[in-house]
Amino acid sequence: MFKKVFSKIPKKSSKGSDSRDQGGNSRTHAVSASKNSDNVTSSGSSKTGNSSSSSSSSSSLGQGQYHNNHGNNHANNHGNKSSLPINENSNGNFNSYEALPAFRDVHNSEKPSLFIKKLRMCSVVFDFTDPTKHLKEKEVKRQTLVELVDYVSSVNAKFTENVMQEVVKMVSVNIFRTLSPQPRENKLIDGVELEEEEPSMDPSWPHLQIVYELFLRFVASPELDAKLAKRFIDQSFILRLLDLFDSEDPREREYLKMSLHRIYGKLMAHRPFIRKSINNTFLNFVFETEKHNGIAEFLEILGSIINGFALPLKEEHKLFLVRILIPLHKPKCLAMYHQQLSYCVTQFVEKDCKLADTIIRGLLKYWPITNSSKEVMFLGELEEVLEATQPPEFQRCMVLLFRRVAHCLNSPHFQVAERALFLWNNDHIVNLIKQNCKVILPIIFPALEKNTKTHWNQAVHSLTLNVQKIFQDLDPDLYKECLQKFEQDLSKEGEVTAGREATWKRLEEVAAKKAAGNEAVLINKTLPRKSAG
């Protein structure tokens, strides 16, 4: 069921350039790790490895890979040390880090205690920046993590509080680490800016992936008691989990997305807090930094949440649309998450058609004037919104809307003009236009006529003729009226232009006569002004 929900949500583009437009930034949440005794702690003496640009191979554990990201500043907590005797000598080798017995080799009554011992053993974090260090210990930990994943997947008894605490502690020690964001300076080669940049991959991913898989299966397990689990997967844990969404490694963000959605679905008490925290991230992104790698993943989660909103919509959800989703159209890096954003917005229109007017006016407010690629995206989203719009809402905003469409029709960028003309290929939109033809045609008629006479692109020219024919067949008399008015306006404009040129010619003649005497030139007749109409 969970995978079916996500399969409906648009996926983020996998191009390498997706990661270069957004840099890593620290979240503004202050996480106070010392206030709650349930906070997870670090075990072991070795430090976690920071992310680097080198990628490492990983074994798939059933939860697919994803797209791009990086940048978080949360150090590990240090509190309750593991009781497992694991020591490092002066040569950097571990004396006591040996594999524990396999679960199949012990009696069922001993498995819970062995599970906890293995969790504590996996709470030791190794330095992956040096691939030659602790090779044996790293392999022992990897195999132990795989065993833990299998155990969590097959366990048939409720997890105890002690087990929950140890799982969350081990996961926290491994995943909550300080990440070094990749430099975001534009690099030039022979004066040409590089358009694509590979995301930074964490060298510790072979272990991190298994830890994420363990946590995902732990949260999804039917043996997890949600009432007890919320004590250990608390608000502090969730905030630190949200911070990791700014990771540059797309594989990590995919696991984070799946894990957060599981938490949202199972720990219902945390739902308002999760929504509020994600909103704070969005606000910081839109109005402060415009740099965050996990916006698309957040929107994918919210897309499935919006899909499940009950009707009538709460005021909180409508405010989320107006204050968060619509301003998300503002950043320059919109292309990195536009598919997911468009899905969320159209979900609101399908839930409540009365919101169409609000959404269209919001799109017009943030409409890009000088960015053609964003304009094409806006027109595509506009079509999806209009497809779910009913006549009463359409009539409220159609004048403002088609003034903007008229500008797009005359765009010198052929993709913008072409995308605007494609609106007439949608039957529902054509029906809305036909019902309000007397208002819409006079607004866009000049743009259509200019396209047929002056636009350089042949495809735009042909599409414009098709749109003109639709209006001619729909209301020939109205079309003739618009054509006559257009010709009159052209004639007036020609008269104004001719008068302006005559005035300048007279100025030049008078100036030439008086140039020899160095006299000031005064002209009594005022220059003609073009009427505002």
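The values are calculated or read from the model by the stated rules, or taken from the named source; none is laboratory data. Computed from a predicted structure; not experimentally measured. All accessible areas refer to the heavy atoms of the entire protein, side chains included, with ligands and DNA or RNA removed. Shrake-Rupley method; radii C 1.70, N 1.55, O 1.52, S 1.80 Å.
Only a single criterion out of (1) within 47 Å of the chain's Cα centre (by Cα); (2) at pLDDT 90 or above; (3) among the hydrophobic types (A, V, I, L, M, F, W, C) is not satisfied by Trp504, namely (1). Among the residues making up the range 432-461, those that are hydrophobic (A, V, I, L, M, F, W, C) and open to solvent by less than 50 Å² (accessible area, probe 1.4 Å) are Leu432, Ile433, Cys437, Ile440, Leu441, Ile443, Ile444, Phe445, Ala447, Leu448, Ala459, Val460.
Restricting attention to the range 97-129, which residues are outside any helix (DSSP H, G or I), open to solvent by 50 Å² or more (accessible area, probe 1.4 Å) and not aliphatic (A, V, I, L, M)?
Glu98, Pro101, His107, Thr129
Only a single criterion out of (1) open to solvent by 40 Å² or more (accessible area, probe 1.4 Å); (2) more than 20 Å from Val322 (Cα to Cα); (3) not polar (S, T, N, Q) is not satisfied by Lys351, namely (2).
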